[in-house]
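Participant: Can you read through this structure? Questions will come right after.
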Amino acid sequence: MLIRLFLFSLLYLGCTLFLYRRCVRSGMPSEKCFYLELCILFLSVYLSLYLSVLTPNGDSVYLITVLKNLTEKPLFGFYDRLGITYPPLFNYLYFFLGKLIELLGIPFDWKYRSFIFCVKLPGILCLFLMAFLVWSEAKKHLPENERVLPLFLTLLNPGYLLVSCYICQVDALYAFFVLLTLCLIVNRCLKAAYFSFAAGILFKFQAVFIAPVLLFAIIDQILLHDFSRKRFFSHLFTGLAAIGCMLLSYLPFICEFRTGTFNQNGFAHNLASSVSGYGRASTNAYNFWTLIGLNLKRDTKMLGPLSCSGWGYLSIVLLVVLCACFFLKAAGIRFPSPQKKEPCGNPHANVPRGNPRMPRPLSSDLYPLLAAFLVAGVFCFSVRMMSRYLYPAIVLLIYACILRPTKKRLLCTVAFSLAFFCNVWCDYMVYPYSAYHNGLFLPYIFSFYTVLCFLGLTYTIADEIVRDRTAA
């Protein structure tokens, strides 16, 4: 399995380097680029279909349990019957999928390839929807010869094919809405972004990682520039409407309309079980906690003055603060320094010494980079992370490369793609929970590499902000 890991990684690196040199650097003719795009599309469809009918080793038992509960029992009380589960939109999707499977007469059994394909289909479709968004944004911002590489990095990403098409995980569902939210922010469609962000959270709570970036966009696009009271309240009511839709989506699960029974415990249970997770410092994710030998250890274990969970929460706060510093620096926002009092007899007292410089609009290409920074940072330093939680960061970095195609951004994208692939492959193929122990050497190497990738991304953001300020 390890030999296959290294071979797939080398193949991905080799193809990326080939496409970069032939398409980006050499300026391949548009006709050849078109054929290359078709080849990438057909190859990705073939691999997706081939992998989609193979028996997965992911959440197979869990998905069958969810499908049976959604189709055979009423939605009311669903969250009380199950433990850790997903928010409402995921359940609605698989409720209709379960009904469709029943209508087609397909048994709920992993022995049947038709059942395997149907269960994997939503994740595969969202992977192709992400690729469509990537291609449509590349069409706006890049010449034709440079559009091939982002399409390849998305559709033939080995980590994406492994997670969405083989092991039957659904991270592509919320990752698509995370990407859509960033696309709407960049294109200054904030009202639609509120609902897209809400939909991402209702598929999986991990979408909340990008909440600070949405807040920065609101500050930059609504409060600091083109501010008006009417526009402010319009966005406020739209945001409240999105929150209202999120709350309404829980109603069928906590309210029995026939009898008027209301059970708010289902809502609280869903939130509490999702936040508490599996209670591990690292749930087989190769990050900082695995690097210091705490993979699969309880997050209540003390590490100095705080428990692991305490350090994890502190790391999230520090990441948000650092991200806010990046935003303030990039937007040129300065806090007023205290004015020195002048003597009363001074004729220049209380005379303004010049108007403070107004904040400049934040460069739109920084938004996906900040979002990737938050997702990758939480993955590296927070507790209860799984190997798949890096999923949205990859497509956000690809989008960042489209908006500003620099070598550093491309290097971060490829480096994180390999880190994600190594995390998922080792988690499911080499060292599952039952086989992992602290004497293994390779997980420490991959953990160090993942943290190093995050430090490289942090340096890239800081370097770009400094260069932009110098150029301005």
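The values are calculated or read from the model by the stated rules, or taken from the named source; none is laboratory data. Note that the coordinates shown come from a computational prediction; the quantities given were computed from them, not determined experimentally. Because the Cβ atoms are built from the backbone with ideal geometry, glycine has one as well, and the counts that use them run over all protein chains shown. Side chains included, ligands, DNA and RNA excluded: accessible areas come from the protein's heavy atoms. Shrake-Rupley method; radii C 1.70, N 1.55, O 1.52, S 1.80 Å.
Participant: As an exercise: evaluate residue 289 against (1) open to solvent by less than 20 Å² (accessible area, probe 1.4 Å); (2) touching a Pro at 6+ places or on another chain (Cβ under 7 Å) and give the number of the one condition it does not meet.
Facilitator: That leaves (2) as the condition not met.
Participant: Pairs please, first residue from the stretch 9-37 and at positive phi, second anywhere and of a type outside the set (Gly, Ala, Ser), Cβ atoms under 6 Å, 6+ apart in sequence or on different chains.
Facilitator: Short answer, once both residue conditions are applied: 27/145.
Participant: Something else about it: Looking at (1) within 24 Å of residue 309 (Cα to Cα); (2) free of Cβ contacts under 8 Å to residues at least 40 places away in the same chain; (3) assigned to a helix (DSSP H, G or I); (4) open to solvent by 20 Å² or more (accessible area, probe 1.4 Å), which one does residue 459 not meet, given that it meets all the others?
Facilitator: Exception for residue 459: condition (1).
Participant: Do we have residue 270 as within 26 Å of the chain's Cα centre (by Cα), among the polar types (S, T, N, Q) and at pLDDT 90 or above here?
Facilitator: Criteria not met by residue 270.
Participant: Here is a follow-up. Here is a check on your reading of the model: is residue 249 without any contact (Cβ under 8 Å) to a residue 40 or more places away in the chain, surrounded by fewer than 21 Cβ atoms within 10 Å (Cβ to Cβ) and among the hydroxyl-bearing types (Ser, Thr, Tyr)?
Facilitator: The answer is no for residue 249.
Participant: Also, quick follow-up: Could you name every one of the helices (runs of 4 or more DSSP H) located completely within the stretch 1-113 that has at least 1 residues being of a type outside the set (A, V, I, L, M) and either touching a His at 6+ places or on another chain (Cβ under 8 Å) or at pLDDT below 85 (or both)?
Facilitator: The qualifying helices (runs of 4 or more DSSP H) are 30-52, 60-72, 78-81.
Participant: I would also like to ask the following. Could you please let me know if residue 100 is more than 26 Å from residue 423 (Cβ to Cβ), out of contact with any helix residue (DSSP H, G or I) (no Cβ under 6 Å at 6 or more places or on another chain) and not hydroxyl-bearing (Ser, Thr, Tyr)?
Facilitator: In short, yes.
Participant: Looking at (1) within 27 Å of the chain's Cα centre (by Cα); (2) free of Cβ contacts under 8 Å to residues at least 40 places away in the same chain; (3) open to solvent by less than 10 Å² (accessible area, probe 1.4 Å); (4) over 28 Å from residue 196 (Cβ atoms), find the lone condition where residue 66 falls short.
Facilitator: Looking at each condition in turn, residue 66 falls short on (4).
Participant: Tell me, please, whether a residue that is more than 22 Å from residue 422 (Cβ to Cβ), open to solvent by 20 Å² or more (accessible area, probe 1.4 Å), among the small types (Gly, Ala, Ser) and in contact (Cβ under 8 Å) with a residue 24 or more places away in the chain can be found in the stretch 132-141.
Facilitator: No, the stretch 132-141 has no match at all.
Participant: So which residues in the stretch 114-123 are touching a residue at least 60 places away in the same chain (Cβ under 8 Å) and either open to solvent by less than 10 Å² (accessible area, probe 1.4 Å) or in a loop (DSSP other than H, G, I, E, B) (or both), if there are any at all?
Facilitator: 116, 120
Participant: All but one of (1) modelled with pLDDT of 95 or more; (2) more than 19 Å from residue 179 (Cβ to Cβ); (3) surrounded by fewer than 24 Cβ atoms within 10 Å (Cβ to Cβ) hold for residue 426; which doesn't?
Facilitator: Residue 426 satisfies every listed condition except (1).
Participant: Go over the candidates 393, 472 one by one and state the one that is crowded, with 24+ Cβ neighbours inside 10 Å and either at pLDDT below 90 or of a type in the set (Gly, Ala, Ser) (or both).
Facilitator: 393
Participant: Mind checking which residues of the stretch 384-410 are touching a Phe, Trp or Tyr at 6+ places or on another chain (Cβ under 7 Å) and over 22 Å from residue 155 (Cβ atoms)?
Facilitator: Scanning the stretch 384-410 gives 384, 385.
Participant: Moving to a separate point now. Just to be sure, is residue 238 in contact with a Leu (Cβ under 9 Å, 6 or more places away or on another chain), surrounded by 14 or more Cβ atoms within 10 Å (Cβ to Cβ) and modelled with pLDDT under 95?
Facilitator: no
Participant: Just give me the residues in the stretch 163-182 being modelled with pLDDT of 95 or more and either open to solvent by 10 Å² or more (accessible area, probe 1.4 Å) or over 17 Å from residue 209 (Cβ atoms) (or both), in sequence order.
Facilitator: Passing the criteria: 176, 177, 180.
Participant: Going residue by residue through the stretch 390-403, is there one that turns out to be hydroxyl-bearing (Ser, Thr, Tyr), under 21 Å from residue 312 (Cα atoms), assigned to a helix (DSSP H, G or I) and out of contact with any strand residue (DSSP E or B) (no Cβ under 6 Å at 6 or more places or on another chain)?
Facilitator: There is at least one residue in the stretch 390-403 that is hydroxyl-bearing (Ser, Thr, Tyr), under 21 Å from residue 312 (Cα atoms), assigned to a helix (DSSP H, G or I) and out of contact with any strand residue (DSSP E or B) (no Cβ under 6 Å at 6 or more places or on another chain).
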